[in-house]
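Just below is one structure, and these are the notes that go with it.
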């Protein structure tokens, strides 16, 4: 037997502790069966930033020699299991400049398994996931996305619910009894053991064929090598902004072409231009300068630059003018203003649909003390 | 006898205050495509700072989030010239650049023109490491420059270590609350602007800002660049990563810091102190400070606080307004001066 590699793709900071619990749990459970393993975070992700996709890995082997042979890798080139702890990562992963948009299943081996936590069904997620030349499985752990911050962990059992399905999707890792033993040793909590067991039984697994999924080619960049760099390591500035594309007037700021941050977003703002008072606050307070000024003086969040923080919704003085909606509701990054301009009535219907369908009220972490405890009750019910 | 020409003070750019948000210029000189956190208030500070300063500006940045997150491998979000400088050297870099530009113009190698020089530093780079260089720079009145400290109250880039800007009792990598010792950060936040104002009588302008009040912030940057000589601005930036809160509250927490009186908004222009916004109302007793509890319980970094800690925090904040010789500015209690 060679080594078994598992990657956890997660939202930087928001799920750092969660990812650590999963990779650590894998190694500790494998040790119960006399195997050896190692868990580590990817170097390039550090320092992590809120929301920006990051990875941690767990490698398990029969003995130390096998493990050490595989260890000279900064990032495994192939994995047996990919765990995406946020379903909006299914749209692709972009972790830093030049990285491009990488499919969530990129490293997955043939017949490997992509484990996703989501409130959706596999059929809803597959259209977002880029196609793969070889078949693989998708395993769905039903549940809300678990987001917390750096200091206070939200113990909603997402960690053990993921660990619990691993004996089902990758029996070569360890058995159910080993994972249960590990959970008892680590947390000494019967409820957590029960959560893992229930997850093992309830997980939905489905095969994904090569002709299923998003057929788009994800964007990519060619990273310059040291020989391509300019004298004195000069980096060319971002070009000046200009008019709103395709129109006279308006303003679109210059933007770095090599880092889009599409993949940072788990929510996006939808804007009701009919109630907008052009107060400028969303535009002025956006840390990512993602708002374009339209030729008629509205402010439009450009999906090439929005990272989904929600500050625009927070500062907007008009009720339901800016609303954050779950990113999984959208199939493209098209301009909302152009859509509104073309047909105001159908835009109003589209907007209403997006706001009302809100499948999951996302919370990106700590709002007030006591919040996680009340949410935990909700989740275990 | 004539004065040495390199000691003459050049006319800085004249940047009038923006009169209302609708008058703010549309152009951006700090674009998107940086690797900062969702809801990063410091990225907003960079954006507003350069929006206020305009295109004829050179920006220098010492190491910290706003250098590292903004320059992932061979990329930049800056439209204007930007150069990185070492952690403690925002002051020296600003001074050197201003002097260099002056020399190039004197020798005819550059067109005579007023160019803004801004060096930014984080609280680690400014309040801790760069303090002596900043102090030295403020002692050179013949150079026009601004040093802007974006203070997110920790070494946030390297995953939240305590700095001189960290508030009392906070959870950081260096000061984790434990079972035996709940409070590991036992120091009250360094009072940077008051210290610089008191210690540098030739410095014509120091100010505090918070990007939640964007217009006030931009106009202070414009004043600092127009007044002539070296100037300093201290910005309090809520940090969703280190403060542990949902990024959508970045704006609101900035407002709360002012409303609770934890961070005052003021400027000292030619030795004249002027309070701003809600801080002004607090000083004039037209506005009651919100309890610090409202601010503390919203952040994961204070999740370990018990009532006793919140009370202590409140007491220390009350002192800033009730005991300090200049409320929120100079931490000397006048009744003790005569003893």
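Data overview
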read-out	value
Enumeration of residues in segment B:298-319 that are exposed (fewer than 15 other Cβ atoms within 10 Å of the Cβ) and either facing chain A (nearest Cβ under 9 Å) or farther than 19 Å from residue B:177 by Cα (or both)	B:315, B:318, B:319
Unique residue being at positive phi and over 29 Å from the mean Cα position of the chain (by Cα) when the list is A:242, A:249	A:249
Candidates A:218, A:257 - the one that is outside any helix (DSSP H, G or I), more than 8 Å from every other protein chain (Cβ to nearest Cβ) and surrounded by fewer than 23 Cβ atoms within 10 Å (Cβ to Cβ)	A:218
All positions within segment B:84-121 that are under 17 Å from residue B:8 (Cβ atoms) and in a strand (DSSP E or B)	B:117
Test result for residue A:361, closer than 28 Å to residue B:239 by Cα, loosely packed, with under 13 Cβ neighbours inside 10 Å and within 13 Å of chain B (Cβ to nearest Cβ)	yes
Tally, over segment A:263-315, of residues that are within 11 Å of chain B (Cβ to nearest Cβ), over 14 Å from residue A:334 (Cα atoms), touching a helix residue (DSSP H, G or I) at 6+ places or on another chain (Cβ under 8 Å) and in a loop (DSSP other than H, G, I, E, B)	12
So residue A:245, is it more than 27 Å from residue A:88 (Cα to Cα), without any contact (Cβ under 8 Å) to a residue 12 or more places away in the chain and in contact with a strand residue (DSSP E or B) (Cβ under 9 Å, 6 or more places away or on another chain)	yes
Residue in segment B:238-262 that is nearest to residue B:36 (Cα to Cα), counting only those that are facing chain A (nearest Cβ under 10 Å) and assigned to a loop (DSSP other than H, G, I, E, B)	B:239
Where residue A:30 falls short, out of the listed (1) within 22 Å of residue A:261 (Cβ to Cβ); (2) at pLDDT 95 or above	(1)
Cβ-Cβ under 8 Å pairs, at least 6 apart or on other chains, segment B:165-185 side farther than 18 Å from residue B:242 by Cβ, far side at pLDDT 95 or above and part of a loop (DSSP other than H, G, I, E, B)	B:178/B:184; B:182/B:304; B:182/B:306
Residue A:187 being more than 25 Å from the chain's Cα centre (by Cα) and over 23 Å from residue A:3 (Cα atoms)	yes
Residue satisfying all of: in segment A:316-328; in contact with a helix residue (DSSP H, G or I) (Cβ under 6 Å, 6 or more places away or on another chain) and farther than 20 Å from residue B:214 by Cα; nearest to the other protein chains (Cβ to nearest Cβ) among these	A:324
Pair list, Cβ under 7 Å, 6 or more apart: segment A:24-38 residue at positive phi, other residue at pLDDT 95 or above	none
Every residue from segment B:34-72 that is assigned to a loop (DSSP other than H, G, I, E, B) and surrounded by 24 or more Cβ atoms within 10 Å (Cβ to Cβ)	B:34, B:35, B:36, B:37, B:38, B:39, B:40, B:64, B:70
Among residues of segment A:104-130, those that are part of a strand (DSSP E or B), free of Cβ contacts under 8 Å to residues at least 40 places away in the same chain and surrounded by fewer than 20 Cβ atoms within 10 Å (Cβ to Cβ), counted	3
Tally, over segment B:301-339, of residues that are out of contact with any helix residue (DSSP H, G or I) (no Cβ under 7 Å at 6 or more places or on another chain), outside any loop (DSSP other than H, G, I, E, B) and closer than 21 Å to residue B:175 by Cβ	7
Search result, residues across segment A:271-288 that are farther than 26 Å from residue A:224 by Cα and either surrounded by 23 or more Cβ atoms within 10 Å (Cβ to Cβ) or at pLDDT below 95 (or both)	A:271, A:282, A:283, A:285, A:286, A:287
Residue in segment B:23-30 that is under 20 Å from the mean Cα position of the chain (by Cα) and closer than 19 Å to residue B:124 by Cβ present	no
Among residues of segment B:35-79, those that are more than 7 Å from chain A (Cβ to nearest Cβ) and within 24 Å of residue B:111 (Cα to Cα), counted	11
Some residue of segment A:222-240 being in contact with a strand residue (DSSP E or B) (Cβ under 8 Å, 6 or more places away or on another chain), assigned to a loop (DSSP other than H, G, I, E, B) and surrounded by fewer than 14 Cβ atoms within 10 Å (Cβ to Cβ)	no
Subset of segment B:263-299 (residues that are in a loop (DSSP other than H, G, I, E, B), more than 27 Å from residue B:201 (Cα to Cα) and in contact with a helix residue (DSSP H, G or I) (Cβ under 7 Å, 6 or more places away or on another chain))	B:287, B:289, B:290, B:291, B:298, B:299
The lone exception for residue A:312 - which of (1) more than 17 Å from residue A:355 (Cβ to Cβ); (2) within 26 Å of the chain's Cα centre (by Cα); (3) surrounded by 24 or more Cβ atoms within 10 Å (Cβ to Cβ) it fails	(1)
For residue A:15: the one exception among (1) surrounded by fewer than 20 Cβ atoms within 10 Å (Cβ to Cβ); (2) out of contact with any helix residue (DSSP H, G or I) (no Cβ under 8 Å at 6 or more places or on another chain); (3) at negative phi	(1)
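Rundown of residues vs (1) within 14 Å of another protein chain (Cβ to nearest Cβ); (2) surrounded by fewer than 24 Cβ atoms within 10 Å (Cβ to Cβ); (3) in contact with a helix residue (DSSP H, G or I) (Cβ under 8 Å, 6 or more places away or on another chain), yes/no style:
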position	(1), (2), (3)
B:147	no, no, yes
B:163	no, no, yes
B:200	no, yes, yes
B:223	no, yes, no
B:232	no, no, yes
B:235	yes, no, yes
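The values are calculated or read from the model by the stated rules, or taken from the named source; none is laboratory data. Just so it is clear, the structure is predicted and the values come from calculations on it, not from any experiment. In this analysis, Cβ positions are derived from the backbone assuming ideal geometry, glycine residues included, and neighbour counts consider all displayed protein chains.
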